[in-house]
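Asker: Got a structure for you, written out below as structure tokens; questions coming shortly.
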Amino acid sequence: QSVIGELLDPMADKILIVFLLFGLSINFSSFFIGFLSSGIIARELWVAGLRDYNSRQKNHEATKVIFIAKIKTSIQLFTICLYLLGLSINSMLTILISDIFLVISFLITIYTGYIYTVNSFK
């Protein structure tokens, strides 16, 4: 709930998720994972830019962390855990379920980016 926590926590989450998605894309040699990961990473960069823009405009409320963004991060991390589990136990069913969760994660990620964009330019 501190100011420094609000700044560092989202950055740490983004760095972790970006590198893990990048690693999974390479490990699986999957265009599907790579494409959805690119969308997730692009949204993260876009929202970082929006936060900087809103900071300069003194409009901090527009990109304040919302509850659905916390759910988004949880689903992203759960998805990555499923992929890692599938790799460790060599289970294609787990990988398939992970793919489904990645699509859900992608959709929620794009939706939260849309919410931040609309709030920023009201």
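The values are calculated or read from the model by the stated rules, or taken from the named source; none is laboratory data. It should be emphasised that the depicted structure is a prediction, and the values quoted were computed from it without experimental measurement. Using ideal geometry, Cβ is built from the backbone for each residue, glycine included, and neighbour counts are taken over all protein chains shown. Side chains are part of the model used for accessible areas, which takes the heavy atoms of the whole protein and leaves out ligands, DNA and RNA. Shrake-Rupley method; radii C 1.70, N 1.55, O 1.52, S 1.80 Å.
Asker: Tell me, what HN-Hα J-couplings in whole Hz come from the Karplus equation 6.51 cos²θ - 1.76 cosθ + 1.60 at θ = phi - 60° for each residue of region 102-112, using x for Gly and Pro?
Answerer: So the J values, rounded to whole Hz, are 5, 5, 4, 4, 4, 5, 5, 4, 5, 4, 5.
Asker: Quick one: Karplus J couplings for region 8-13, per residue in order, coefficients 6.51, -1.76, 1.60, θ = phi - 60°, nearest Hz, x for Gly and Pro?
Answerer: With the stated coefficients, region 8-13 comes to 7, 4, x, 5, 5, 4 Hz.
Asker: Convex hull over the alpha-carbon atoms of the chain: what's its volume per residue in Å³?
Answerer: Values: hull volume 11.7 nm³, N = 122.
So the per-residue Cα hull volume is 96 Å³.
Asker: Specify which residue in the list LEU87, ILE26, GLY49 is farthest towards the positive end of the charge dipole of the chain, using unit charges on the beta carbon of Lys, Arg (+1) and Asp, Glu (-1), about the Cα centre.
Answerer: GLY49
Asker: Pop out the carbon and sulfur fraction of the accessible area of region 3-94 as a percent, whole number, probe 1.4 Å.
Answerer: 72 percent
Asker: Quick one: putting +1 on the C-beta of Lys and Arg, -1 on the C-beta of Asp and Glu, what dipole do you get for the chain around its Cα centre, in Debye to the nearest 20?
Answerer: Using only the charged Cβ atoms, the result is roughly 340 debye.
Asker: If you split all Cα-Cα distances of region 66-115 into 10 Å bins from zero, what percentages do you get per bin, shortest first?
Answerer: 30, 45, 21, 5
Asker: Using modelled backbone amide H atoms (1.01 Å from N, in-plane), which distant-in-sequence or interchain residues come within less than 5 Å of VAL65's amide H?
Answerer: Those qualifying (amide H under 5 Å, at least 5 residues apart or on another chain) number zero.
Asker: If I take R0 = 30 Å and measure r between the Cβ atoms of LEU107 and ARG56 in this structure, what FRET efficiency does the formula 1/(1 + (r/R0)^6) give, to the nearest 0.05?
Answerer: On the way: r = 30 Å, r/R0 = 1.00.
Efficiency for this residue pair is about 0.50.
Asker: Another question about this same structure. Within a Cβ distance under 13 Å of THR109, other residues only, what is the Lys/Arg minus Asp/Glu net charge?
Answerer: Its environment carries a net charge of +2.
Asker: With θ set to phi - 60°, apply the Karplus curve 6.51 cos²θ - 1.76 cosθ + 1.60 along region 14-30 and write out the HN-Hα couplings as whole Hz, x wherever there is a Gly or Pro.
Answerer: Each residue's phi maps through the Karplus curve to give 5, 4, 4, 5, 4, 5, 5, 5, 4, x, 5, 4, 6, 4, 7, 6, 10 Hz.
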